[in-house]
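In what follows, a single structure is set out as structure tokens and then discussed.
The values are calculated or read from the model by the stated rules, or taken from the named source; none is laboratory data. Computed from a predicted structure; not experimentally measured. Note: ideal-geometry Cβ built from the backbone for every residue, glycine included; neighbour counts use all protein chains shown.
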Amino acid sequence: MSFYLDWPDYVVFVFLLIIYASIGIFYGYSAQIKSLIARIFKKGSAIQNNANTTEDMFLGNRQLTLFPIIGSTLASFLSAVALMGNNAEVYLYGIEFWLLILGYIIAFPVAAEVYTPVFYNLRLTSAHEYLELRFSRLVRWLVTLTFEFQMLIYMAVVLYAPSLALNRVTGWPLYASILSTGILATFYTALGGIKAVVWTDLIQVTVMLGGLLCVLAFGTNQSGGIAEVWRIAGEGGRLNILDLNPDPFVRQSTWTLVIGGAGMVLSIYATNQTQVQRYLACKDLKTARQAIHANLGFNSLFLSIQMLCGLVSYAVFVGCDPLLDGHITAYDQIFPHLVMHLFQNIPVLRGIFLSTIFAAALSTLSSGINGIACVLVEDVFLDAYLRFNSGKKMEQKQFLLFARLLAVLLGLIIVGLAFLLKVVPAGVLTMAFSIFGAVGGPILTIFTLGILFPFVNKWGALFGFLGSLASGMGMALGGIFAYTYKEYVAVPLTNASCPLGSPPMHLNTTAPPRESYEWSFFNLSSFYYTPLCLLVGIIISFPVSICTGGIPEKLAVETLHNLSSCLFTNYLLVGINMCILRLTVCLERRVGHSVRAFFKKKKIKKKKKNKGILIL
């Protein structure tokens, strides 16, 4: 069954879209607007036009303040897919996912105190510039290509999945949803740059919070109050918050959420370009750190509200499951179905909900487009341009025009990929998110090796990254094609209490007995992909670095973390480093010398061969 939107819903929705577009126009032409205002009020017209630079487009001239950065950092990965997916998670399996907050407690302080100071003090534009300073250009380019692949796939899914859900539940045309979201995000990102993205993110977070609170309030009221919601959830087994089973091959447990969740969150908030770009845009390092620490609280708040909304969904539909009754085709659609059910007689609130879903999609899309464009401009185009033009720099106007056109092109590519997802099997969506997690781990690994382990050289980093990437992608693809997990939480569902329609049906998602499964390493919980990639990268990089010379001869101290800020970490890492250094010295005489002598001998032979060819 589909619910339909009335004209007040569209008025609210269009009004918010106009606000987002206006912010892009304002920051795209801020200098001209300020100059016009100055002339009108006779305050002079000599206003410096510092908005027409790529630094302003990507970093806002490094002058952004705390409040908008907090909102933008929060909104960047608070996607519509997360809003709908978390609701379905609680509806089906309970509130155990709430324990991800413990992963937040580990990840956010580490991101703020270990990774961010290094990036900020180097005054980078792209986080990947660090990799060339610390290792080599080859490492930088490989990580850049990996990041582009990761984000393009993720952006397409972020655009497609909520559009499909809205189409199935509200009748909103799929093509209209994809086009309106993709084109609008591309427009204000290309025109207004990071400033437009940050301020629209702040508005979108406010809209999302308002929409979620409306759902929570109306749903709780319809269910008979928060105590009744809690009682129904308890009787239905949805309050199962602790599962101390140490088996890493179960679908989800306390350990996977704490350990694996911390790794996943760290890969996003410590080393992903879309987030690092916001830290680099802050007016000082203190502001960047405060924004990250504040996001620990705000992310926890949003996750808690989403968990409560999931319990409300269960309380509202207990005994009348929408999927079994034929109202929805997948549980990812249960959140929009809940909203349309609650607000079916309140048109304006339906429009607010529609705006909530679009705000979540827009915030992630705009952040991704800006981040991808920044990486392509700084890590690929600028480097290639300087090489082919003997170091001659491009004029700022041309450079800015190219950056904006690139942002437009990226937006169109993402829209095209989103339409392609319409014709692929549903499992590809799962594949896309698994690949996102599996790729984030290797990127976290390469930055961790550079910042915390000075004895890792470019060869150790290169092979560590490739090994980490191979293991992550292997686990992700293997997990998709070789079947999934051994164990599910029992979650009985029924439509026996539905007033009309379908014959009674019952569903229990408990898996078959454990012995019916053939053990496979591919059954590892996807939450462990990032920690596994990190472990593999470290294990490979250490011996490779030792065998290829150990510490680089020209190691810039500023590319390492200042360990004096944490005495325990200082002594721990220094101890590890000293052990590795001693091992390096020991093996240098035996292994390292032989390896270098071998390569040196091959190099001499190659030179002689080339010399002979030249003589001929």
The correct count of residues that are among the acidic types (Asp, Glu) and at pLDDT below 90 in region 97-131 is 0
Answer yes if at least one residue in region 443-462 is modelled with pLDDT of 80 or more, within 30 Å of residue 184 (Cβ to Cβ) and surrounded by 16 or more Cβ atoms within 10 Å (Cβ to Cβ), and no otherwise. yes
query: Does residue 186 fit the bill of being under 20 Å from residue 67 (Cβ atoms), in contact (Cβ under 8 Å) with a residue 40 or more places away in the chain, among the polar types (S, T, N, Q) and in contact with a Leu (Cβ under 8 Å, 6 or more places away or on another chain)?
result: no
Listed by first then second residue, the pairs whose first member lies in region 92-117 and is without any contact (Cβ under 8 Å) to a residue 60 or more places away in the chain and surrounded by fewer than 20 Cβ atoms within 10 Å (Cβ to Cβ), whose partner is of a type outside the set (Ser, Thr, Tyr) and part of a helix (DSSP H, G or I), with beta carbons under 9 Å and at least 6 positions apart or on separate chains, are none
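For residue 302, are the conditions met, namely being out of contact with any strand residue (DSSP E or B) (no Cβ under 9 Å at 6 or more places or on another chain) and modelled with pLDDT under 80?
no
Between 33, 23, which is out of contact with any Cys (no Cβ under 9 Å at 6 or more places or on another chain), modelled with pLDDT under 70 and either in a helix (DSSP H, G or I) or buried (at least 16 other Cβ atoms within 10 Å of the Cβ) (or both)?
33
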Note on residue 421: of the conditions (1) within 21 Å of the chain's Cα centre (by Cα); (2) at pLDDT below 90; (3) within 28 Å of residue 537 (Cβ to Cβ), unmet is (3)
